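Trainee: Mind looking over this structure? Questions follow.
All of the numbers you see were taken from the coordinates with simple rules; none came from a lab. Fair warning: this is a prediction, and the values are worked out from it, not measured in the lab. No Cβ is skipped: glycine too gets one built from the backbone with ideal geometry, and neighbour counts run over all protein chains shown.
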Amino acid sequence: MQTVRVPLGERSYDVLIGDGLLAQAGALCAQRLAAPAPQKVLVVADETVFALYGETALASFRAAGFRAEYSTFPPGEPSKTLATLERILERGAATELGNNDFLAALGGGITGDLTGFAAACHRRGVRFVQLPTTLLAAVDSSVGGKTGVNLAAGKNLAGAFWQPSLVICDPATHATLPAEEYANGLTECLKHGVLFDSALFDRMAARQPGAPLPAEDIRRSIELKRDVVVGDEKDTGNRRLLNLGHTLGHAIERVSDYAIPHGAAVALGMVLITQLAQAQGWCGAELLPRLRGALAACGLPTECPYAPQELFTALAQDKKRSGGNITIVAPLRIGQCTLRTLPLEAFKQFISNK
């Protein structure tokens, strides 16, 4: 088992990484959530993940002495709503989940975001544990404390910063992921390489198609995310660098009515923003083909199928917009990026010329 510590004072927690850890989740939680000792846990999962791993998780918690109940919802982005959040909260109330008890998010990023937000709301805040079963959740959304749901006006527009008390990552669960979903997680690892670590990027670009990501690269990606979160927990400074590819990626998701999954949309967003950086003279011409080659090696798309005006309309709802300006993450070279603020009209002109 490998451990990555996230040092945030009284909100500090560990990320545990190792095959087979899901079956040990109950014992690990009993050990690490000792004071005040919880008695109950509400496991939250979508219906697909629960069918695969729900009984393993529940049996683990019950063997450790917890009263374990569960709440499920239909899989997919359409479930990431206030209505689903309400159902989870009502289930927590019916279970009589107390202030010293906790929720457990079993699944991917949608489940983690919903469960974390529910934990922040239930009795004005209880503990929660992340049990990521996707590579994307393991290296990205399970670490950092961002929680939330989508509104009709846009993605993740309601939420809270609420750190987990523990993250238990079992890479063995990634074996049941469809190839497309696994590739979504590879996007985030590549993103971390573009942002901070050229060696990680190069290893990702050289990987054999279909090969699982080595545990050390999972750990390294989590460490890079951890370092940013520790320096900027509330997303007011350099944590915004983690939005590389997300400004246009979220627009692509919305225009596709979420038919294009998050990782693929972010991959396309990274391509488009690198094209912008090259057009502005912020990076050299060699960066774009390197990025495209690495994305292709990971089974990710490199060409956006949507018209410029569609993307700009969706972009207008982005949280990173401020008045007539928008802040983007611009790559300078592999391993180094920076924040740039552009007039929204200049950004629109760039998109329109694509």
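Trainee: Given the convex hull over the Cα atoms of segment 247-292, what projected area results after averaging over all orientations, in nm²?
Mentor: Numbers: hull surface 12.5 nm².
Over all viewing directions, segment 247-292 projects a mean Cα-hull area of 3.1 nm².
Trainee: Determine the principal axes of the Cα atoms in segment 148-213, then give the extent along each, sorted from largest to smallest and rounded to whole angstroms.
Mentor: 39, 28, 28
Trainee: Looking at GLY237, ALA297, ILE218, which one has the Cα that reaches farthest to the positive end of the dipole of segment 179-352 (charges on Cβ: Lys, Arg +1; Asp, Glu -1)?
Mentor: GLY237
Trainee: Suppose R0 equals 41 Å. What FRET efficiency, 1/(1 + (r/R0)^6) with r the Cβ-Cβ distance, do ALA296 and ALA83 give to the nearest 0.05? Numbers along the way, then the final one.
Mentor: Numbers: r = 39 Å, r/R0 = 0.94.
Given R0 = 41 Å and the Cβ-Cβ separation, E is 0.60.
Trainee: Which ordering of MET270, MET204, MET1 is given by a fewest-first count of other beta-carbon atoms within 10 Å?
Mentor: On the way: MET270 28, MET204 24, MET1 12.
Ranked by crowding around the Cβ, least crowded first: MET1, MET204, MET270.
Trainee: Right, next: Given H placed 1.01 Å from N in the peptide plane, which residues other than close sequence neighbours of ILE326 have an amide H under 5 Å from its amide H?
Mentor: The answer is LEU342, LEU344.
Trainee: Which value in Å does the Kirkwood hydrodynamic radius of segment 2-176 take, with 1/r averaged over all unlike C-alpha pairs and then inverted?
Mentor: Result for segment 2-176 stands at 15.6 Å.
Trainee: Turning to a different aspect of this structure: Holding the Cα-Cα limit at 27 Å, pick out from LYS80/LYS225; LYS40/LYS80; LYS40/LYS225; LYS225/LYS348; LYS40/LYS191 the pairs that are longer than that.
Mentor: Distance filter (> 27 Å) returns LYS40/LYS225; LYS225/LYS348; LYS40/LYS191.
Trainee: If you don't mind, another one. If you take all C-alpha pairs in segment 179-352, what percent of them are over 24 Å apart?
Mentor: On the way: 4849 of 15051 pairs.
Across segment 179-352, Cα pairs with separations above 24 Å total 32 percent.
Trainee: Taking the beta-carbon count within 10 Å as an exposure proxy, list TRP162, TRP282 from fewest neighbours to most. Provide the component values of the computation, followed by the final result.
Mentor: Numbers: TRP162 21, TRP282 17.
Least to most surrounded, the residues fall as TRP282, TRP162.
Trainee: How much of the DSSP beta bridge set in the chain is antiparallel, as a percent to the nearest 5? Could the numbers behind the result be given before it?
Mentor: Details: 20 of 42 bridges.
Here the antiparallel bridges make up roughly 50 percent for the chain.
Trainee: Rounded to two decimals, what is the ratio between the C-alpha radius of gyration of segment 107-178 and 2.2 N^0.38 Å?
Mentor: 1.10
Trainee: For the chain, which longest stretch is free of loop sites, where a loop site is one of the GluC sites (Glu not before Pro) that DSSP puts outside H, G, I, E and B and that has at most 15 other Cβ atoms within 10 Å?
Mentor: Values: sites that count: GLU96, GLU286, GLU303.
The longest uninterrupted stretch comes out as 97-285.
Trainee: I'd like the orientation of helix 179-196 relative to the chain: the angle between its Cα long axis and the longest Cα principal axis, in ° from 0 to 90, rounded to 10.
Mentor: In the chain, helix 179-196 runs at an angle near 70 degrees to the longest axis.
Trainee: Taking Cα pairs under 8 Å and at least six residues apart, what relative contact order does the chain come out at, in percent? Present the calculation step by step, with values, prior to reporting the outcome.
Mentor: Details: 690 pairs, mean separation 51.6, N = 354.
Taking the mean separation of contacting Cα pairs over the length of the chain, I get 15 percent.
Trainee: Going by amide H atoms built from the backbone, whose H comes under 5 Å of the H on GLY148, apart from near neighbours?
Mentor: Excluding prolines and chain starts, which carry no amide H, the hits are LEU114, PHE117, ALA160.
Trainee: Let me ask you something else. Based solely on its DSSP helices, what 222 nm [θ] is calculated for the chain when runs of n ≥ 4 H residues each add -39,500 (n - 2.57) and the sum is averaged over all residues, nearest 500 deg cm²/dmol? Provide the component values of the computation, followed by the final result.
Mentor: Numbers: 12 runs with 142 residues, N = 354.
So the helix-based figure for the chain works out to -12500 deg cm²/dmol.
Trainee: Moving on. On a 0 to 90° scale, report how tilted helix 82-94 is relative to the longest principal axis of the chain, with both axes built from alpha carbons and the result rounded to the nearest 10.
Mentor: The angle comes out at about 10 degrees.
Trainee: Calculate, in nm to one decimal, what GLU345 and ALA153 gain on full extension: separation in residues at 0.36 nm each, minus their alpha carbon distance.
Mentor: Numbers: separation 192, 0.36 × 192 = 69.12 nm, distance 2.09 nm.
Stretched out fully, the GLU345 to ALA153 stretch lengthens by 67.0 nm.
Trainee: Let me ask you something else. I want to check the label-to-label distance for ARG123 and THR338. Put each point 7 Å from Cα in the C-beta direction and report it in nm to one decimal.
Mentor: Rounded to a tenth, the inter-label distance reads 4.9 nm.
Trainee: Shifting gears a bit: Starting from the Cα of GLN280, step 7 Å along the direction of its Cβ; do the same at GLU310; then give the gap between the two resulting points in nm.
Mentor: Calculated label separation equals 2.5 nm.
Trainee: Order by neighbour count: LEU200, LEU136, LEU89, fewest other Cβ atoms within 10 Å first, most last.
Mentor: In increasing order of surrounding Cβ atoms, one gets LEU89, LEU200, LEU136.
Trainee: Another question about this same structure. 5 Å is the cut-off here: which amide hydrogens, built 1.01 Å from N in the peptide plane, fall below it relative to LEU8, excluding neighbours closer than 5 in sequence?
Mentor: Sorted by chain and number, the residues that satisfy this are TYR13.
Trainee: Through the Karplus equation 6.51 cos²θ - 1.76 cosθ + 1.60, θ set to phi - 60°, convert the phi angles of segment 205-214 into ³J(HN,Hα) values in whole Hz; use x for Gly and Pro.
Mentor: Result, ordered by residue: 5, 9, 5, 7, x, x, 6, x, 6, x Hz.
Trainee: Ok, one more. Between ALA94 and GLU10, with labels modelled 7 Å along Cα→Cβ, what's the label distance in nm to one decimal, could you check?
Mentor: It works out to 3.4 nm between the two label points.
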